[in-house]
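Dumping the structure here so I can ask a few things about it.
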Amino acid sequence: MEYVIDMRNIRKEFPGIVANDNITLQVKKGEIHALLGENGAGKSTLMNVLFGLYEPEQGEIFVKGNKVVNNDPNIANSLGIGMVHQHFMLVDKFTVTENIILGKEPTKGGKVDLQTAAKEVQALSDQYGLRVDPNAKIEDISVGMQQRVEILKTLYRGADILIFDEPTAVLTPQEIVELIQIMKKLVSEGKSIILITHKLKEIMEVCDRCTVIRRGRGVGTVDVSDSNPDSLAAMMVGREVNFKVEKIDADPKEAVLKIKDLVVHDSRKVPAVNGLNLTVHAGEIVGIAGVDGNGQSELLEAITGLHKVHEGSIHLRDKEITNKSPRSVTENGLSHIPQDRHKHGLVLDFSVGENMVLQTYYQKPYSKSGILSFKPIFDKAKKLIEEYDVRTPDAYTPARALSGGNQQKAIIAREVDRDPDFLIAAQPTRGLDVGAIEFIHSKLIEQRDNGKAVLLVSFELDEIINVSDRIAVMYEGKIVAIVNPKETTEQELGLLMAGGKRGTVHAE
Ligand SMILES: Nc1ncnc2c1ncn2[C@@H]1O[C@H](COP(=O)(O)OP(=O)(O)OP(=O)(O)O)[C@@H](O)[C@H]1O
């Protein structure tokens with residue numbers, strides 16, 4: 001059988017780690033082929049080898065039966081391979097069309113022919129159901145549309161083998177439904193897709209076959225129709241995974257976070273949070289459910305001191321923290337697992353060890369008389385790396401070199417370990433494998449059981465329902481309903497998130 005992609009016995013090493021150890025990946029034409037593995041298993045590395053970004057130490061690559069030599073991204077492109085990266089590579093100030101044609105502009109009379117380009121983009125967009133506004137600027141469009149621009153960019157360059165690196169991690173549930181339709185359309189038109197995802201539900205829904213890798217080695221390739229989420233998880237992690245979140249009923253105590261009549265403006269000076277009231281008690285997890293863009297980011301930034309509050313107040317226990325600096329809020333007992341781990345969670349060029357003390361480096365035992373004490377810093381880091389299973393060669397490795405999921409585990413380790421009164425967890429399991437998700441959920445529940453107040457914000461409705469003790473539904477900058485997770489369904493929550501009505505609101 002001839003494969004469109006045939007990667008044989010690939011080996012790729014980084015200092016201190018074999019990221020790909022003799023891996024074979026074979027993709028058939030017209031299939032959606034899942035690539036599944038734990039955080040740090042080597043999936044992105046393998047795709048970067050295929051795309052010519054890394055040169056493997058060993059192994060062969062055949063594309064449509066032809067052996068690839070001296071691979072680089074230009075060669076990969078010319079062979080019809082296109083990559084839709086997790087972090088988009090678009091120019092914010094350019095329009096959709098300008099981004100799509102960048103580097104391959106049609107010309108007329110020596111000038112870029114934008115009219116012809118716009119027509120070509122529209123034709124591709126119609127053919128594959130990739131809805132975009134060709135004249136909109138990237139900075140003004142949603143994440144979902146930006147992703148469609150990335151897909152169109154690869155199609156415009158003639159790609160017929162598309163690599164999607166965790167494409168749904170950044171999307172809202174509605175956008176995920178659309179992307180799945182788009183992927184089905186692409187393969188029905190003869191394209192082949194390699195899909196990296198941690199979401200087993202997605203694999204079951206759209207993929208034909210799945211290749212599993214564990215700690216840099218191939219475990220095997222299976223037909224999805226012969227598998228189920230349990231068997232895939234076990235193959236990937238090497239043990240059975242418990243998908244059910246185990247917890248006893250909450251025993252909430254005194255109020256820890258008290259928000260009264262909060263108003264926060266967004267960057268366009270429009271109220272994004274608009275008269276919001278919310279209380280979170282010691283010993284409970286309150287989950288915030290809402291469609292992206294209903295003020296969740298502004299709310300979290302206001303609590304953590306990253307965004308100015310216009311009206312209203314925020315108290316942590318009896319201390320007012322309204323418009324206090326991030327450091328002051330942190331010193332008053334807040335920990336924060338931020339939504340954007342690169343912007344607010346890590347200093348990528350610092351070592352993992354240094355990142356573990358980002359909020360506490362100036363305190364004892366990590367500093368003495370204003371000078372850093374590296375032994376206690378790295379002793380602490382080593383302990384956390386072990387406890388949280390952060391896969392890194394060592395504590396001295398720069399955070400940038402860790403896989404996305406392991407960067408997230410490092411942040412969670414640091415924030416939970418600081419033992420705060422109040423923990424904000426924003427999309428805490430985004431990009432994590434099922435084994436890591438199981439572990440993080442148990443850590444959040446452990447915090448709750450130790451009497452901490454936890455605020456969980458997540459687009460994953462099953463996570464909100466399974467982990468929270470109360471669910472606050474946020475719509476147009478307000479909490480519009482408080483729901484008991486035991487008495488609701490994903491459908492019912494979805495309706496409330498879209499502005500539907502049900503019951504009364506008790507912010508307490
Ligand atoms: N440029 C690099 N320099 C050093 N080490 C690296 C580099 N890129 C990846 N690694 C290491 O190689 C291993 C595999 O990383 P990779 O990003 O391929 O994992 P992954 O399976 O894609 O993980 P995730 O699901 O978390 O994204 C990890 O241990 C990572 O730390």
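The values are calculated or read from the model by the stated rules, or taken from the named source; none is laboratory data. As the structure is a prediction and not an experimental result, all values here were calculated from the model. Positions of Cβ are generated from backbone atoms using ideal geometry, with glycine treated the same way; all protein chains shown enter the neighbour counts.
Could you please find all residues in the range 305-331 being buried (at least 18 other Cβ atoms within 10 Å of the Cβ), in contact (Cβ under 8 Å) with a residue 40 or more places away in the chain and farther than 27 Å from G499 by Cα?
Of everything in the range 305-331, just one residue is buried (at least 18 other Cβ atoms within 10 Å of the Cβ), in contact (Cβ under 8 Å) with a residue 40 or more places away in the chain and farther than 27 Å from G499 by Cα, namely L316.
Taking the condition at pLDDT 90 or above and buried (at least 17 other Cβ atoms within 10 Å of the Cβ), does G345 pass?
Judged against the criteria, G345 is not a match.
Considering the range 276-292 alone, what residues qualify as being out of contact with any Ser or Thr (no Cβ under 7 Å at 6 or more places or on another chain) and under 23 Å from R317 (Cβ atoms)?
L276, N277, L278, T279, V280, H281, A282, G283, E284, I288 - these are the residues of the range 276-292 that are out of contact with any Ser or Thr (no Cβ under 7 Å at 6 or more places or on another chain) and under 23 Å from R317 (Cβ atoms).
Just one of the numbered conditions (1) away from the ligand (no atom under 16 Å from the Cβ); (2) of a type in the set (V, I, T); (3) over 19 Å from the mean Cα position of the chain (by Cα) is not true of T211; which one?
(1)
Go through (1) in contact (Cβ under 8 Å) with a residue 40 or more places away in the chain; (2) touching a Pro at 6+ places or on another chain (Cβ under 7 Å) one by one and return the number of the condition A19 breaks.
(2)
On the given criteria, is G216 within 16 Å of the ligand (Cβ to nearest atom), under 24 Å from the mean Cα position of the chain (by Cα) and surrounded by fewer than 15 Cβ atoms within 10 Å (Cβ to Cβ)?
No, not satisfied.
Quick one: S468 ticks every box in (1) closer than 25 Å to L257 by Cα; (2) of a type in the set (S, T, N, Q); (3) in contact with a Lys or Arg (Cβ under 7 Å, 6 or more places away or on another chain) bar one, so which box is it?
It fails just one condition, (3).
Looking for something within 16 Å of the ligand (Cβ to nearest atom) and either surrounded by 23 or more Cβ atoms within 10 Å (Cβ to Cβ) or closer than 15 Å to P252 by Cβ (or both) - is there at least one such residue anywhere in the range 414-423?
no
Could you grab me the full set of residues in the range 219-232 that are assigned to a helix (DSSP H, G or I) and surrounded by fewer than 18 Cβ atoms within 10 Å (Cβ to Cβ)?
S225, D226, P229, D230, S231
Kindly list the number of the only condition in (1) modelled with pLDDT under 90; (2) within 12 Å of the ligand (Cβ to nearest atom) that fails for K409.
(1)
Assuming R391 fulfils every condition listed in (1) surrounded by fewer than 20 Cβ atoms within 10 Å (Cβ to Cβ); (2) more than 16 Å from the ligand (Cβ to nearest atom) apart from one, which condition is it?
Answer for R391: the failing condition is (2).
Name the single residue that is nearest to the chain's Cα centre (by Cα) among those in the range 132-153 being more than 16 Å from E98 (Cβ to Cβ) and at pLDDT 85 or above.
Among those that are more than 16 Å from E98 (Cβ to Cβ) and at pLDDT 85 or above, it is Q147.
Looking at (1) closer than 30 Å to Q122 by Cβ; (2) within 16 Å of the ligand (Cβ to nearest atom); (3) not small (G, A, S), which is the only condition L79 fails?
(2)
So, in the range 187-206, of the ones that are assigned to a helix (DSSP H, G or I) and of a type in the set (V, I, T), which residue ends up surrounded by the most Cβ atoms within 10 Å (Cβ to Cβ)?
I203
Right, here's the next one. Picking from V132, V112, V187, which residue would you name as being without any contact (Cβ under 8 Å) to a residue 40 or more places away in the chain, among the β-branched types (V, I, T), out of contact with any Leu (no Cβ under 8 Å at 6 or more places or on another chain) and away from the ligand (no atom under 16 Å from the Cβ)?
Only one candidate qualifies: V112.
Being surrounded by fewer than 20 Cβ atoms within 10 Å (Cβ to Cβ) and away from the ligand (no atom under 12 Å from the Cβ) is the filter; apply it to the range 20-50 and report the residue that is farthest from C207 (Cα to Cα).
N22
Can you confirm whether I17 is at pLDDT 95 or above, under 30 Å from A410 (Cα atoms) and crowded, with 17+ Cβ neighbours inside 10 Å?
No; evaluated as a whole, the condition is false for this residue.
Here's something else I'd like to know. Test each condition in (1) within 16 Å of the ligand (Cβ to nearest atom); (2) within 30 Å of the chain's Cα centre (by Cα) for G59 and report the one that comes out false.
Going through (1) within 16 Å of the ligand (Cβ to nearest atom); (2) within 30 Å of the chain's Cα centre (by Cα) one by one, G59 breaks only (2).
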